[in-house]
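Below is one structure, written out as structure tokens, with a few remarks after it.
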Amino acid sequence: MELSVYNIKGEDTGKKVTLNDAVFGIEPNEHAVYLAVKQYMANRRQGTHKAKERSEVSGSTRKLIRQKGGGGARRGDINSPLLVGGGRVFGPRPRDYGFKLNKKLKVLARKSALSSKAQENAILVVEDFAFDAPKTKDFISVTQNLKVADKKILLVLESENKNVYLSARNVPTAKVAIASELNTYGVLDCASLILTESSVAVINNF
């Protein structure tokens, strides 16, 4: 699959880049994508939730009413889960929600996401560029020239570029990623995937 290369003014440079069919041309595996996204979301969870159980609630342990003959449920002290202000039965405790996925499955999921974007014609390739200084206005100008200013975009660079990252940071619909750290969720979460010319070579080797 070949795509035209544009410059940051939105003009076709006449150059072409070839996308590797083994990365951008496979049949998407929906279950692999589901598992990869599920793992990404699970790893983002803090897992700091906590509710006090009966033994952790502050209160007297004096038995309130007799065990039998009162006509109501059996309860011992004021910390009983049956009473307002008592402990919670099997309440949530801090835990780690993360889980393991095989490397080959994660690679398959990432290739499936990239292939989906290719099928939707949602991939743009631009020449490598950099900014002299961080300027949000310059980044917005680039997105307008490429006619993606009204879309949620992911710009993929070959390597870290501080000025480009800082320029895009204040744009709520834009994110910047490094090609080697590209993940399935990030690819699916954008409406338009913008690849720099040099980042294509990295992604083609996934």
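Given the range 80-194, what strands (runs of 3 or more DSSP E) lie entirely inside it while holding 3 or more residues that are free of Cβ contacts under 8 Å to residues at least 40 places away in the same chain? Break it down into steps so the answer makes sense when it comes.
On the way: elements: 123-126, 153-157, 174-178.
Counting at least 3 such residues, we get 174-178.
Looking at the range 177-203, which of its residues are more than 16 Å from residue 119 (Cβ to Cβ) and of a type in the set (Gly, Ala, Ser)?
177, 179, 180, 186, 198, 199, 201
Among the residues of the range 159-171, are any within 24 Å of residue 43 (Cα to Cα), touching a Ser or Thr at 6+ places or on another chain (Cβ under 9 Å) and not aromatic (Phe, Trp, Tyr)?
Checked the range 159-171: at least one residue is within 24 Å of residue 43 (Cα to Cα), touching a Ser or Thr at 6+ places or on another chain (Cβ under 9 Å) and not aromatic (Phe, Trp, Tyr).
Across the range 146-156, which residue is most open to solvent (accessible area, probe 1.4 Å) among those that are of a type outside the set (Lys, Arg) and modelled with pLDDT under 95?
Of the residues in the range 146-156, the ones of a type outside the set (Lys, Arg) are 146, 148-150, 153-156.
Filter once more, so that each one left must be modelled with pLDDT under 95: 146, 148-150.
Values: 146: 21, 148: 4, 149: 49, 150: 133 Å².
The residue in question is 150.
Test residue 22 against the criterion of being open to solvent by less than 60 Å² (accessible area, probe 1.4 Å), under 30 Å from residue 146 (Cβ atoms), out of contact with any helix residue (DSSP H, G or I) (no Cβ under 6 Å at 6 or more places or on another chain) and in contact (Cβ under 8 Å) with a residue 24 or more places away in the chain, and give yes or no. If you could, list the steps in order and put the result at the bottom.
Working: open to solvent by less than 60 Å² (accessible area, probe 1.4 Å): yes; under 30 Å from residue 146 (Cβ atoms): yes; out of contact with any helix residue (DSSP H, G or I) (no Cβ under 6 Å at 6 or more places or on another chain): yes; in contact (Cβ under 8 Å) with a residue 24 or more places away in the chain: yes.
When the stated conditions are applied, residue 22 passes them.
Residues 69, 91: which one is of a type outside the set (Val, Ile, Thr) and open to solvent by 30 Å² or more (accessible area, probe 1.4 Å)? Give the steps one after another, and end with the answer.
Values: 91 fails: open to solvent by 30 Å² or more (accessible area, probe 1.4 Å).
None of the others qualify; the one that does is 69.
Among the residues of the range 129-145, which ones are exposed (fewer than 14 other Cβ atoms within 10 Å of the Cβ) and in contact with a Ser or Thr (Cβ under 6 Å, 6 or more places away or on another chain)?
Initially, the range 129-145 is screened for residues exposed (fewer than 14 other Cβ atoms within 10 Å of the Cβ), giving 130, 132-133, 135, 137, 144.
Hit for the range 129-145 is 135, nothing else.
Considering only the range 36-59, I want to know if a residue exists there that is of a type in the set (S, T, N, Q) and surrounded by 14 or more Cβ atoms within 10 Å (Cβ to Cβ). Spell out the reasoning first.
Taking the range 36-59 first, the residues of a type in the set (S, T, N, Q) are 39, 43, 46, 48, 55, 58.
Narrowing the set further to residues that are surrounded by 14 or more Cβ atoms within 10 Å (Cβ to Cβ) leaves 39.
Yes; the residues of the range 36-59 include at least one that is of a type in the set (S, T, N, Q) and surrounded by 14 or more Cβ atoms within 10 Å (Cβ to Cβ).
The values are calculated or read from the model by the stated rules, or taken from the named source; none is laboratory data. Being a predicted model, the structure only gives us computed values, none of them experimental. Virtual Cβ from ideal backbone geometry, glycine too; neighbours counted across all protein chains shown. Heavy atoms of the whole protein, side chains included, go into the accessibility calculation; ligands, DNA and RNA do not. Shrake-Rupley method; radii C 1.70, N 1.55, O 1.52, S 1.80 Å.
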